[in-house]
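Structure record follows, encoded as structure tokens.
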Amino acid sequence: NEETRLRVADPVAKVLESGAIAGLANHTLLIAQDGKEYPIDDSAAPIRGGDGKILGVVLVFRDITERKGAEAALLASERQLRLITDTAPVYLAQVDRQHRYLFVNKAYAERFGLDRDEVIGKRIPEVVGEAAYATFKSYVDRVLAGEVVNFEIEIPYQDIGVHYMHVTYVPERDEQGQVQGLVAVIMDI
């Protein structure tokens, strides 16, 4: 076990006992005779004869060192991005073509008295209010048509009142260049 360094259950014994394919739990290490450790995925499967009886077991280990390194790098990158977006003195949001939030920074959510998880998946008017949404919907439509949009506008938010905002919308494109949504950078001025 990667965390406790205790031996894990024998997958061959599991297969011989149950007759079914077995795998070890996540976070398993294979430790070589020289002490080098290899994180692994594994599986064990029965080898059956013509009569269906188990003749043996095949055990496969896959070295996942590269994958574990990539996962660790991705987690570090996500933590760094979250730190930057949560300390930025602006409101940040990512919205899909259906006007649903995919991402908001901490400041954006807190502005409306919500946690990020309460915003993600909701449509814009559910968070800002219908009247507020109506004031800037035409800009959302323009950016979803592929245009970068910068504007200043007075927005009558449903719960926090009227605020004068500077907004930049940038289209988010897929690998083929098709607009998939938008990224918003908003400052209360």
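The values are calculated or read from the model by the stated rules, or taken from the named source; none is laboratory data. Since this is a predicted model, take the numbers as computed values, not measurements. Cβ placement follows ideal geometry from the backbone for every residue including glycine, while neighbour counts extend to all protein chains displayed. Keep in mind that these areas ignore ligands, DNA and RNA; they rest on the heavy atoms of the full protein, side chains included. Shrake-Rupley method; radii C 1.70, N 1.55, O 1.52, S 1.80 Å.
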query: If you check every pair at least six apart or on different chains, which have Cβ atoms under 8 Å apart with a residue in the stretch 51-62 that is over 23 Å from T28 (Cβ atoms) first and a residue that is part of a loop (DSSP other than H, G, I, E, B) and not hydrophobic (A, V, I, L, M, F, W, C) second?
result: I54/G19; L55/G49
query: Which of the residues spanning the stretch 119-146 are open to solvent by 20 Å² or more (accessible area, probe 1.4 Å) and over 17 Å from D96 (Cβ atoms)?
result: E130, A131, A134, T135, S138
query: Taking the stretch 1-20, which residues are of a type in the set (G, A, S) and within 35 Å of the chain's Cα centre (by Cα)?
result: A9, A20
- prompt: How many residues, within the stretch 78-100, are open to solvent by less than 60 Å² (accessible area, probe 1.4 Å) and not in a loop (DSSP other than H, G, I, E, B)?
  reply: 8
query: Failed condition for G56, given (1) over 20 Å from the mean Cα position of the chain (by Cα); (2) closer than 14 Å to A107 by Cα; (3) modelled with pLDDT of 90 or more, with all others met?
result: (2)
message: So A109 ticks every box in (1) surrounded by 12 or more Cβ atoms within 10 Å (Cβ to Cβ); (2) at pLDDT below 90; (3) closer than 30 Å to V127 by Cβ but one. Which box is left unticked?
response: (2)
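So if I check each of I186, I160, which one is out of contact with any His (no Cβ under 9 Å at 6 or more places or on another chain), open to solvent by less than 60 Å² (accessible area, probe 1.4 Å) and within 24 Å of D86 (Cβ to Cβ)?
Values: I186 fails: out of contact with any His (no Cβ under 9 Å at 6 or more places or on another chain).
On inspection, the qualifying residue turns out to be I160.
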message: Quick check on my filter: what residues within the stretch 64-93 are more than 30 Å from A184 (Cβ to Cβ) and of a type in the set (S, T, Y)?
response: T65
message: Whether any residue in the stretch 127-140 is out of contact with any Leu (no Cβ under 7 Å at 6 or more places or on another chain) and part of a strand (DSSP E or B) is what I want to check.
response: no
- prompt: Do you know which residues across the stretch 3-54 are charged (D, E, K, R), open to solvent by 50 Å² or more (accessible area, probe 1.4 Å) and either over 25 Å from G69 (Cα atoms) or touching a strand residue (DSSP E or B) at 6+ places or on another chain (Cβ under 7 Å) (or both)?
  reply: D10, K14, E17, E37, R48, D51, K53
message: Which residue is farthest from D86 (Cα to Cα), if the candidates are limited to the stretch 126-151 and must be in contact (Cβ under 8 Å) with a residue 12 or more places away in the chain and polar (S, T, N, Q)?
response: T135
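Quick check on this structure: which one of R82, R48, R123 is in contact (Cβ under 8 Å) with a residue 12 or more places away in the chain and out of contact with any Cys (no Cβ under 7 Å at 6 or more places or on another chain)?
Numbers: R82 fails: in contact (Cβ under 8 Å) with a residue 12 or more places away in the chain; R48 fails: in contact (Cβ under 8 Å) with a residue 12 or more places away in the chain.
Going through R82, R48, R123 in turn, the sole match is R123.
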